[in-house]
Structures are given as structure tokens and as C-alpha cells.
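Asker: My questions will all concern the structure given below.
The values are calculated or read from the model by the stated rules, or taken from the named source; none is laboratory data. In this text, all values refer to a predicted model and were calculated from it rather than measured experimentally. Positions of Cβ are generated from backbone atoms using ideal geometry, with glycine treated the same way; all protein chains shown enter the neighbour counts. Each accessible area value is taken on the protein alone, full model and side chains, heavy atoms only, with ligands, DNA and RNA left out. Shrake-Rupley method; radii C 1.70, N 1.55, O 1.52, S 1.80 Å.
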Amino acid sequence: MTGIGTAEWVMARCDDLTRHSSRFDALERVYLSPEHAAANMAVRTWMLDAGLDTETDAAGNIWGRRAADGRPQRPGTEGEPALVLGSHLDTVPDAGRYDGMLGVVLAIAVAHRLRDVTLPFALEVVGFSDEEGTRFGKALLGSCAASGQWDPAWWDQADADGVTLREAFARFGLAPERVGDAARRPEDLVGYLEAHIEQGPVLESENLPLGYVTSIAGARRFVLTITGEARHAGGTPFARRRDALVAAAHLVTRIEELAKAADCLATVGDLHVQPGAVNVIPGRAELTLDLRGRTDAGRDALWDQIAAAGQRIAAARGVTFEVSETHRAPSTTCADRMTAAVAAGIAEATGTPSDTGAAGAAAPSDTVRGLWSPAGHDGMAMDAVTDVGMLFLRCRDGISHHPDEHVETADVGVALDAYTAAVLALARAHPGVEPAPLAESVETLGEKAR
Ligand code: GLV
Ligand code: MN
Ligand code: MN
């Protein structure tokens, strides 16, 4: 097998994880499923190979840990505060193989590269169990548990088969009453550093392999229900119809107009119509709505407009309009010291001139590309307990949440160097640390991995 710390190893492990899918024809792995358990098992093995001890927490997140001196150490045991690297292992339906998984596997590879280096903090790797919210509508469940933000109101949210989150916990072998045990304390953490594909076109259009993230957009998700009346498609003149789908169609186009005008993003990604027969007027339409904005205030103002438009359209068409919010996460600004380390790492790995220097200075480099993330990430939850930073990798055609998701092995190689260098920059900038013992170069660590 190719060495753990190499780009080829990372790409091969992302391929391996596609086996753990609930579908033969596509990749889909949701929270608390048998595939989630299988992916955790695979990741656990790789963590052990990389010199980490492992533990699955009370919310199904998989953790690996080594002490500052490099010894494997059980996560959850007393020890030095830890820098956490990682991402998520769950997927959307018909997913690509890199969204989330690449960040977990890269983190393991970085931990392996650093296995012989004494750091001023412990190093942990996490594979979060639910970032997408595919199964229960609420996203970031894994990282909300890890950041102590679990809301008991979520227990009764059900999946498409009517299985509640509480029941799914028990079926997975987790005790709902223990979910609080997954919460990490701020004093035990040094920061959370995640690598992720960009999921957008910016880096590719500028011919850059990597960038650092400045902030992550706040998101809200809703289920919108329009109720009219199901009737005969032949016997009911237009004047007598209360067609839920036509009302929904008007609302969908209005949502797009309003979002464009507000410079926000709004997506109706799912639509269910009942009773769903060719010769019956739709009596009920259920739509999902995903809203994102650079600022929470802009996004919330857009929601107020959409809610008002829904009421107006409903009144005009003799149907009712109801709303249920399934997810809300605030926008998140990456911490200066984390972005400085990521920018320094990118500068070092790409040979870009940088004023941040190898020791990691207080401000991000202005020669390395910084960009905001309209896509959501586990850092949105982890921000409640520690400083967050992110490294973005270019992905082909900016495509994500699609099986065509693709990253180049060469970019993964540069990302490995940059990610490793970012950890070393944080180590050198850590209070009371002399840079000398951390002088080992990223190049040498990369060579050793081969
Ligand atoms: C996660 O990928 C999200 O932004 O929806
Ligand atoms: Mn995603
Ligand atoms: Mn993701």
C-alpha cells in the first residue's frame, strides 16, 4: 500500500469509502445508518495506522488522538488541549466522494506525517457523523453534539420512514440520554482546522490549487406546506380549483426573484405533491427551502419577504401556507490566528511570497487567496467552543453534491503540504513555544511519507 501521508493514499481512501453506501448505483451515507457504522470502522483502522488511538463518541462521531509527544492517546482522556483536524463522513443523496471525506482522510494523513514531531498540543482527528442533515432535516448534528449545542427539541424530528432521531440513536447502539457526553470543553481545545473542496468555481477560475476561508455563510432550512384541495382533473373548472402545486410553482419562481434581489442564495431542492396522480388536481405540496447569505441579517430579511410572498400567493389561490423551520446556523468568521496559519501553510506549500512567515503571524497573507464559503461546514458548530480555520481545495468545474465531484491528485499533494505547514505554524505560534524544535520542514515530512 502507498504510504499513508501521500496524496495517492488519500485519493485511494476516498475511493474506498464509496463502498459504504445505502445504494448500489450511487453514494448515499446518512447519519446513524449501517453505512455510517461501516465508514467509522474503516476510518478507525486508518487512524490506528496513523498512530492515533480512537473512540466513537456519544453522537456517533469518530475521533482519533495522539498526545503532544506523539504517543497514541485515547480521545476523551485527560491530557493536553488538542488541535482538532477533520471534516464529515455523511453525504447527500447521489453524492460525490470528496465532500467531507477528503477532509477526514487528509487530516489522518497529516497526523501520520507529524507522528514523530513533538507538538505543544495534542492532535486529534474527527470524522463528524452528520453535517449534511440528509436524514433528519437538521444539519450539523454531529458537530452540534461535539460543541455542546444539542437541542432536545430535535429528538422528535423523523426521517422519511418516520423513524425519530431518538429511535435511530437506540438502533445505532447509542444512548440518547448520554448525548451530552460528546460535548467538548473550550479549555480542552486549541482550535478546529478543516480542509474541504471549495464546492464552487473561484479557485479554478483563478488557476489556484488552494485558498483559505474567511467566513462561512449562515444557513436556514424550512419545510413549506401548501394545502389546497384534490379534485377531478376533468370535472373541475379552473374557477373551482385550489391547486397546491400551481401555488407552489408561483412561490418557487418568486423565491428565486427575491433571493437574486437580496444577493442571497435560496434553493427549493425537494417537492412532494399529493396525491400524485395524473388525473387528480394536487391537494398538497411540500417544499424544502435552503437559504444562505453572507450576513445573518440579510438572510433573515429575505426569509421575511419569502414568508410574506407565501401568504400572499396562498390567499390569492385559496390555499393555505404553513412553515416549519428544520435548521438554523449562524454565519461564522474564521479566527485570525487560524486563517493566518492556513495562509502561511498555503504560502509555504505553493512557494507564494508571504509576509506571514513560517512562524505564523497574526494576519492572513494578502498574497494568498482568501474566500468566503456559501457552503456550510462543521466549523459553524465548532465555533461555539473553539477557534475555526479552513483550507479550501479547488475542485473541477466547481461541482459538488454530485457524483462528478473531482479533485486532482496533484492538488491533494499540495494541500497535504499546506495543511501540515498550517499545523506547524500554529505550533510555532503557540504561547511559550520556541520555534527551534519545530524546525522540521514540510518537505522533509512529505518525503518521509513516501
Ligand atoms: C453542506 O454541504 C451544505 O452547505 O449544505
Ligand atoms: Mn455537502
Ligand atoms: Mn461538506
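Asker: Val223 versus Glu408, label points 7 Å from Cα toward the beta carbon: distance in nm?
Answerer: Distance between label points: 4.4 nm.
Asker: Tell me, what is the 1.4 Å probe accessible area of Phe128, in Å² to the nearest 10?
Answerer: Taking all protein chains as shown, Phe128 has close to 0 Å².
Asker: For the range 177-242, what is the largest minus smallest coordinate of the Cα atoms on each principal axis, given in angstrom and ordered from greatest to least?
Answerer: On the principal axes, the range 177-242 reaches 67, 48, 15 Å in Cα extent.
Asker: Next question. How would His250, His36 line up by accessible area, probe 1.4 Å, largest first? Intermediate values should be presented prior to the final figure.
Answerer: Values: His250 90, His36 10 Å².
The residues order as His250, His36, largest area first.
Asker: When the Cα centres of the range 96-130 and the range 218-278 are compared, how far apart do they sit, in Å?
Answerer: 43 Å
Asker: Can you give the angle from 0 to 90° between the axis of helix 296-317 and the longest principal axis of the chain, with both taken from C-alpha atoms, to the nearest 10?
Answerer: Around 20 degrees separate the two axes.
Asker: Most fluctuating residue of Ala285, Ala217, Ala160 in a GNM of the chain with Cα springs under 10 Å: which is it?
Answerer: Of the options given, Ala160 has the highest mean-square fluctuation.
Asker: Roughly how many percent of the accessible protein surface of the range 45-122 is carbon and sulfur, given a 1.4 Å probe and a whole-percent answer? It would help to have the intermediate numbers written out before the result.
Answerer: Values: 980 of 2140 Å².
Of the solvent-accessible surface of the range 45-122, carbon and sulfur hold 46 percent.
Asker: Please give me the summed charge of the neighbours of Arg231: other residues whose Cβ is under 15 Å from its Cβ, Lys and Arg +1, Asp and Glu -1. Present the calculation step by step, with values, prior to reporting the outcome.
Answerer: Values: positive: Arg240, Arg241, Arg242, Arg284, Arg317; negative: Glu229, Asp243.
After counting each charged neighbour, the total is +3.
Asker: Could I ask something else about it? Once all Cα-Cα distances of the range 255-394 are split into 5 Å bins that start at 0, what whole-number percent is in each one?
Answerer: 2, 8, 14, 14, 13, 11, 10, 8, 7, 5, 4, 3, 1, 0
Asker: Taking the radius of gyration and the Kirkwood hydrodynamic radius from Cα positions alone, what is the Rg/Rh ratio for the chain, to two decimal places? Could you put the intermediate results ahead of the total?
Answerer: On the way: Rg = 23.2 Å, Rh = 22.8 Å.
Dividing the radius of gyration by the Kirkwood radius yields 1.02.
Asker: Would you mind telling me which residue in Gly276, Gly234, Gly76 has the biggest mean-square fluctuation in a Gaussian network model of the chain, where springs connect alpha carbons within a distance under 10 angstrom?
Answerer: Answer for the Gaussian network model of the chain: Gly234.
Asker: In addition: What nm value, rounded to one decimal, do you get for the distance between Thr288 and Asp94 when each label is placed 7 Å out toward the C-beta?
Answerer: So the label points at Thr288 and Asp94 sit 1.3 nm apart.
Asker: Continuing with the same structure: Starting from the alpha-carbon convex hull of the range 212-298, give the projected area averaged over all orientations, in nm². Could you put the intermediate results ahead of the total?
Answerer: Values: hull surface 28.0 nm².
That works out to 7.0 nm².
Asker: Tell me which GluC sites (Glu not before Pro) from the range 76-138 have a DSSP coil assignment and no more than 14 other beta carbons within 10 Å of their own. Can you show the working numbers first?
Answerer: Details: sites: Glu78, Glu124, Glu131, Glu132; in loops: Glu78, Glu131, Glu132.
Taking the range 76-138 and a limit of 14 other Cβ atoms within 10 Å, the loop GluC sites (Glu not before Pro) found are Glu78.
Asker: At 0.36 nm per residue, and after removing the present C-alpha to C-alpha distance, how many nm does the segment from Phe238 to Ser324 gain when stretched out fully? If you can, show how the numbers build up before the last one.
Answerer: Numbers: separation 86, 0.36 × 86 = 30.96 nm, distance 2.96 nm.
The Phe238-Ser324 span can extend by a further 28.0 nm.
Asker: Please say if the range 207-255 is rounded, prolate or oblate, where rounded means a/c under 1.5 for a ≥ b ≥ c the square roots of the C-alpha gyration tensor eigenvalues, and otherwise the choice is prolate for a/b larger than b/c and oblate otherwise?
Answerer: Details: a/c = 5.36, a/b = 3.44, b/c = 1.56.
Since a/c reaches 1.5 and a/b is larger than b/c, the shape of the range 207-255 is classed as prolate.
Asker: Of all DSSP beta bridges in the chain, what percent run antiparallel (nearest 5)? Mind showing how you got there, number by number?
Answerer: On the way: 43 of 63 bridges.
Counting DSSP beta bridges with both partners in the chain, the antiparallel share is about 70 percent.
Asker: So, one more: With +1 assigned to the C-beta of every Lys and Arg and -1 to the C-beta of every Asp and Glu, and no other charges, what is the dipole magnitude of the range 278-346 about the Cα centre in debye, to the nearest 20? Intermediate values should be presented prior to the final figure.
Answerer: Numbers: 8 positive and 8 negative charges, 29 e Å.
For this selection, approximately 140 debye.
Asker: When a/c reaches 1.5 or more, the comparison of a/b and b/c decides; with that in mind, is the range 30-75 rounded, prolate or oblate per its Cα gyration tensor?
Answerer: Numbers: a/c = 4.40, a/b = 2.01, b/c = 2.19.
Oblate.
Asker: For the chain, what is the accessible area per residue in Å², given a 1.4 Å probe and the full set of protein chains? Before the final figure, lay out each step's value.
Answerer: Values: 18250 Å² over 450 residues.
Each residue of the chain exposes 41 Å² on average to a 1.4 Å probe.
Asker: Let me check I've understood the local charge: for Glu257, count other residues with C-beta under 14 angstrom from its C-beta, Lys and Arg +1, Asp and Glu -1. What total comes out? Could you put the intermediate results ahead of the total?
Answerer: Numbers: positive: Arg254, Lys260, Arg312; negative: Glu256, Asp263.
Charge balance in the 14 Å sphere: +1.
Asker: Just to be sure I understand: with springs between alpha-carbon atoms less than 10 Å apart, which residue in Thr56, Thr227, Thr214 has the highest mean-square fluctuation in the Gaussian network model of the chain?
Answerer: It is Thr227.
Asker: Order Asp263, Asp188 by their accessible area, 1.4 angstrom probe, all chains in place, largest first. Present the calculation step by step, with values, prior to reporting the outcome.
Answerer: Working: Asp263 125, Asp188 45 Å².
Correct descending sequence by accessible area is Asp263, Asp188.
Asker: For Glu257 and Arg450, compute 0.36 nm times the residue count separating them, minus their Cα-Cα distance, and round to one decimal in nm. Intermediate values should be presented prior to the final figure.
Answerer: Details: separation 193, 0.36 × 193 = 69.48 nm, distance 5.24 nm.
Full extension from Glu257 to Arg450 adds 64.2 nm.
Asker: Lys and Arg at +1, Asp and Glu at -1: add these up for the other residues within a Cβ distance under 13 Å of Arg284 and post the number. All intermediate terms of the calculation are to be shown ahead of the outcome.
Answerer: On the way: positive: Arg231, Arg242; negative: Glu229, Asp243, Glu286, Glu322.
Summing Lys/Arg as +1 and Asp/Glu as -1 gives -2.
Asker: Pull up the DSSP beta bridges for the range 1-147 and report the antiparallel fraction as a percent, rounded to 5. Don't jump to the answer; show the numbers that get you there.
Answerer: Numbers: 10 of 17 bridges.
Around 60 percent of the beta bridges assigned by DSSP in the range 1-147 are antiparallel ones.
Asker: Multiply the residue separation of Ala175 and Trp155 by 0.36 nm, subtract the distance between their alpha-carbon atoms, and state the gained length in nm to one decimal. Please report the intermediate quantities before stating the final value.
Answerer: On the way: separation 20, 0.36 × 20 = 7.20 nm, distance 1.20 nm.
That pair, Ala175 and Trp155, stretches by 6.0 nm at full extension.
Asker: Also, I was wondering about something else. Heads up, I need the accessible area for Thr333: 1.4 angstrom probe, whole protein in place, Å², nearest 10.
Answerer: 100 Å²
Asker: Nearest 10 degrees is fine. How inclined is helix 34-49 to the longest principal axis of the chain, computing both from alpha carbons?
Answerer: That helix lies at roughly 10 degrees to the long axis.
Asker: Sorted by packing (mean other beta-carbon atoms within 10 Å per residue), highest first, where do 409-415, 344-350, 67-73, 21-27 land?
Answerer: 344-350, 409-415, 67-73, 21-27
Asker: Next question, about the same structure. Can you sort Lys138, Lys260, Lys448 by solvent-accessible area, 1.4 Å probe, largest first?
Answerer: Ranked from most to least accessible, the order is Lys260, Lys448, Lys138.
Asker: Answer rounded, prolate or oblate for the range 158-278, using the Cα gyration tensor with square roots of eigenvalues a ≥ b ≥ c: rounded when a/c is under 1.5, else prolate when a/b is larger than b/c, else oblate.
Answerer: On the way: a/c = 3.21, a/b = 1.45, b/c = 2.20.
It comes out oblate by the Cα gyration axes.
Asker: Based on Cβ point charges of +1 for Lys and Arg and -1 for Asp and Glu, what charge dipole magnitude is obtained for the range 101-177 about its Cα centre, in debye rounded to the nearest 20? Present the calculation step by step, with values, prior to reporting the outcome.
Answerer: Details: 6 positive and 11 negative charges, 59 e Å.
Roughly 280 debye for the range 101-177.
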